[in-house]
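Read the structure below first, then the notes.
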Amino acid sequence: LRNEAVHLLKFTHNMKDEARVRSPRPVPGLVTEAVLVETFVKGEGLGDAIKRKSIHNSELCSLGVYTYMLMLLRDNFIHQDLHPGNILYSVDDANANGTTGATTTGPQAQIKLDLIDFGIADELPQIVRNRFIGFLCFLIRGEGDKAADVALTWDGNQTCRDRDALRADMARLVSEKGDVFSRRVNLDELLKEIMRLFRKHGVSIEGVYASLVVSLCVFVWFALSLDPLLIL
């Protein structure tokens, strides 16, 4: 609970200039080692928008992607349990009197996201962040062999049995299924295929990298569920 309180305060600080991205905050004076009391957050679960195909789904998706990129690229602080049940959304529409209310229409409608349940979050060591982003950059550039080289640094006691074979398989896979310049790429499916290759070649991965891959797969899945036309 202490860790979660710290994570909430960290995220709130990081997003202090982002009017559309929020989270609960610990309530001073009501928090002990056994109890964490947070400010109340009102909104609907993102899973409801996925099921109902809300007219706001495309914007919800864009805001979610933007928030994830801020966490990874700017803040170096990742919510590692970012599934639809831990994201609430609201739609506020400013009326002529300047007040707001929860609506789903109107030219002034503004989408807001509230991220909750920060029990699992990580402030990544710089080297972990750089290696993970480097891996993704090589995938996007279509250089599967170089992405394999980066992944082999994800464990100091690497157990890969044949590095050249891994590099060749990665190059082939990324060429066939990861060419973002010639086709729409489902990053979730590509990452799962890569993890199968890692298992095939006995690649060992430290837990923090495995968590990053899993959380990114979950994120891509629900982003595409909100907006199937999204290119990731």
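The values are calculated or read from the model by the stated rules, or taken from the named source; none is laboratory data. This one's a predicted model, so the numbers in the text were calculated from it and none came from an experiment. Cβ atoms come from the backbone with ideal geometry, glycine included; neighbour counts cover every protein chain shown. Just so you know, the surface numbers come from the protein's heavy atoms only, side chains and all, with ligands and any DNA or RNA stripped out. Shrake-Rupley method; radii C 1.70, N 1.55, O 1.52, S 1.80 Å.
Is the stretch 1-48 rounded, prolate or oblate when judged by the Cα gyration tensor, a ≥ b ≥ c being the square roots of its eigenvalues, rounded requiring a/c under 1.5 and prolate requiring a/b larger than b/c? Intermediate values should be presented prior to the final figure.
On the way: a/c = 2.18, a/b = 1.41, b/c = 1.54.
Cα axes put the stretch 1-48 in the oblate bin.
Axis angle, to the nearest 10 degrees, between helix 2-14 and the longest C-alpha principal axis of the chain: 80 degrees.
Counting each DSSP H run of 4 or more residues in the chain as -39500 (n - 2.57), what helix-only mean residue ellipticity at 222 nm follows after dividing by all residues, to the nearest 500 deg cm²/dmol? Write out the running numbers ahead of the final one.
Working: 8 runs with 105 residues, N = 232.
Rounded to the nearest 500, the figure is -14500 deg cm²/dmol.
Taking the Cα centre of the stretch 144-221 as origin, sum charge times position over the Cβ atoms of Lys and Arg (+1) and Asp and Glu (-1), and report the length of that vector in debye to the nearest 20.
Details: 12 positive and 12 negative charges, 35 e Å.
Dipole size: approximately 160 debye.
What accessible area per residue, rounded to a whole number of Å², is obtained for the chain using a probe radius of 1.4 Å? Could the numbers behind the result be given before it?
Numbers: 12140 Å² over 232 residues.
Heavy-atom accessible area per residue stands at 52 Å².
Each of Ala151, His201, Ala49 was scored by the projection of its Cα onto the charge dipole of the chain, and the greatest displacement toward the positive side belongs to His201; charges sit on the C-beta of Lys, Arg, Asp and Glu.
Using Cβ point charges alone (K and R +1, D and E -1), the dipole size of the stretch 101-195 about the Cα centre works out to roughly 260 debye. Counting only protein heavy atoms and a probe of 1.4 Å, the accessible surface of the chain is 54% carbon and sulfur. Please compare each pair in Lys10/Lys192; Lys146/Lys200; Lys177/Lys200; Lys53/Lys112 to a cut-off of 20 Å on the Cα-Cα distance and tell me which ones are over it. Beyond 20 Å: Lys10/Lys192. The dipole here belongs to the chain: it is taken about the Cα centre, uses +1 on the Cβ of Lys and Arg and -1 on the Cβ of Asp and Glu, and is about 340 debye. Going by a ≥ b ≥ c, the root eigenvalues of the Cα gyration tensor, does the stretch 181-229 fall in the rounded group (a/c under 1.5), the prolate group (a/b larger than b/c) or the oblate group? Cα axes put the stretch 181-229 in the oblate bin.
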